[in-house]
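Participant: Below is one structure. I have some questions about it.
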Amino acid sequence: MTTARTRQTPRQRQPELESEFARSPQLGYEASDETGVVRCLSHGYPTPLARWHFHDEYELHLMTATSGKAFIGDWIGPFQPGHLVLCGPRLPHNWISFDVPEGGVAERDRVIQFRHEPIERAAEDIPELREVKQLLERAKHGIEFFGLSERAHEHWHAVKAVRGLRRFGIFCEFLADLAQCTDYRLLSTVQIQGAEADAQVDQINGVVNRITANVNETISMGEIAAELGMSESRFSRFFRRSTGNSFTDFVNRVRINSACHLLMQTDHLVTDICYQVGFNNVANFNRRFLEIKGLTPTEFRRQADSRFGGSL
């Protein structure tokens, strides 16, 4: 028997997995037998390609026309021409345009798509490629770059115009610009910035994994500091240096991120989600959610529903 608080069958709102066989040249893709590690794509809007989906490749998106809402993982925000975002493998994404003229637009999005494994393997023997490893790690969360749109236009056309080794060389130059860009923001979830030494990386990863795996449990900073043999003040400095957040802020961000996933993928009530992610009262949950996401949980769910590009 169901209650008024829950539905018998929770609604699941999963992104679509994009497979290689769906990448038709008629949709704007380059034929797979014409490309190597790097593939170019451009498309207009509306298009079957604009949907809530994910895939195994990185995608660098440069929006060239229209404005609207971007959906990157659990991030929702505006976009306009010049919006430049790198999405990592299996990070769900979609862009929904609001100001489309009658008949649509011929080109809205220029994309460069590339695979992780060849670059990772090559970086083992080519030290220069190691410069992009931190960039690719950050891309797991989606990266929005600022001040690079003109360069991105030039790079995209240069990559598109050639094949083979010349294409890969120009693509590497593009990656170098992205890796050296310091004016960017991470879009989805929290990001570990790294620590000074391998032992510290292991320590901070252990703490972060514990927080994310036990999101609904109360975890004391004093308890973790004692386990690591640190004073609370030393642990606090260590944690902020490694994650860019205070311990309390980080825990709140992880919990709000978990709440975003539940809001997007289920019909659980907001009040239920509040307790599922470790908050002990709804008012505090709503306040923290608004601080971190810039909108209420209810408004987040309403806006997230539009990531599919239609009414549900």
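Just so it is clear, none of the values below were taken in a lab; they were calculated from the coordinates. Just so it is clear, the model here is predicted, and its values are computed rather than measured. Cβ coordinates were reconstructed from backbone atoms using ideal geometry, including for glycine residues, and neighbour counts include every protein chain displayed.
Participant: Report the full-extension gain for the segment Asp33 to Ser233: residue separation times 0.36 nm, less the Cα-Cα distance, to one decimal in nm.
Facilitator: 66.2 nm
Participant: If you don't mind, there's one more thing I want to ask. What FRET efficiency comes out for Arg302 versus Gln80 if R0 is 25 angstrom and r is the Cβ-Cβ distance? Round to the nearest 0.05.
Facilitator: After rounding, the FRET efficiency stands at 0.70.
Participant: Does segment 25-81 come out rounded, prolate or oblate, given a ≥ b ≥ c as the square roots of the eigenvalues of its C-alpha gyration tensor, rounded meaning a/c under 1.5 and, failing that, prolate meaning a/b above b/c?
Facilitator: prolate
Participant: To continue, here is another question. Could you name the lysines whose alpha carbon sits less than 24 Å from that of Lys69, not counting residues in the same chain fewer than 8 places away?
Facilitator: In chain and number order, the partners are Lys140, Lys293.
Participant: At what distance in angstrom do the alpha carbon centres of segment 241-312 and segment 122-178 lie from each other?
Facilitator: Result: 33 Å between the Cα centres.
Participant: Starting from the Cα gyration tensor of segment 198-308, take the square roots of the eigenvalues, sort them a ≥ b ≥ c, and report rounded, prolate or oblate (rounded when a/c is under 1.5, otherwise prolate if a/b is larger than b/c, else oblate).
Facilitator: prolate
Participant: Spin-label point model (7 Å from Cα, Cβ direction): what's the Arg240 to Gln26 distance in nm?
Facilitator: Going by the 7 Å Cα→Cβ label model, 5.9 nm.
Participant: At 7 Å along the Cα-to-beta-carbon direction for both His116 and Asn216, put a label point, then send me their distance in nm to one decimal.
Facilitator: 2.9 nm
Participant: Shape of segment 53-93 from its Cα gyration tensor (a ≥ b ≥ c, root eigenvalues): rounded if a/c is under 1.5, otherwise prolate when a/b > b/c, or oblate?
Facilitator: Cα axes put segment 53-93 in the oblate bin.
Participant: Quick check on packing: order 133-146, 220-233, 176-189 by the mean number of other C-beta atoms within 10 Å, highest mean leading.
Facilitator: 133-146, 176-189, 220-233
Participant: Work out, step by step, the length gained on full extension between Gln180 and Thr271: first 0.36 nm times the residue separation, then minus their alpha carbon distance; give nm to one decimal.
Facilitator: 28.4 nm
Participant: Note down the net charge around Asn257, summing +1 for each Lys or Arg and -1 for each Asp or Glu among other residues with Cβ under 14 Å from its Cβ.
Facilitator: Charge balance in the 14 Å sphere: +2.
Participant: Could I ask something else about it? Springs between alpha-carbon atoms under 10 Å, Gaussian network over the chain: tell me which of Asn257, Asn284, Asn245 tops the mean-square fluctuations.
Facilitator: Maximum fluctuation in the GNM of the chain, among the listed residues, is at Asn284.
Participant: Assuming R0 = 35 Å, what is the FRET efficiency of Asn209 and Cys172, from their Cβ-Cβ distance, to the nearest 0.05?
Facilitator: Result of the calculation: an efficiency of 0.60.
Participant: Grab the Cα-Cα distance for Asn284 and Val162, subtract it from 0.36 nm times how many residues apart they are, and report the gain in nm with one decimal.
Facilitator: The span from Asn284 to Val162 would gain 38.4 nm if fully extended.
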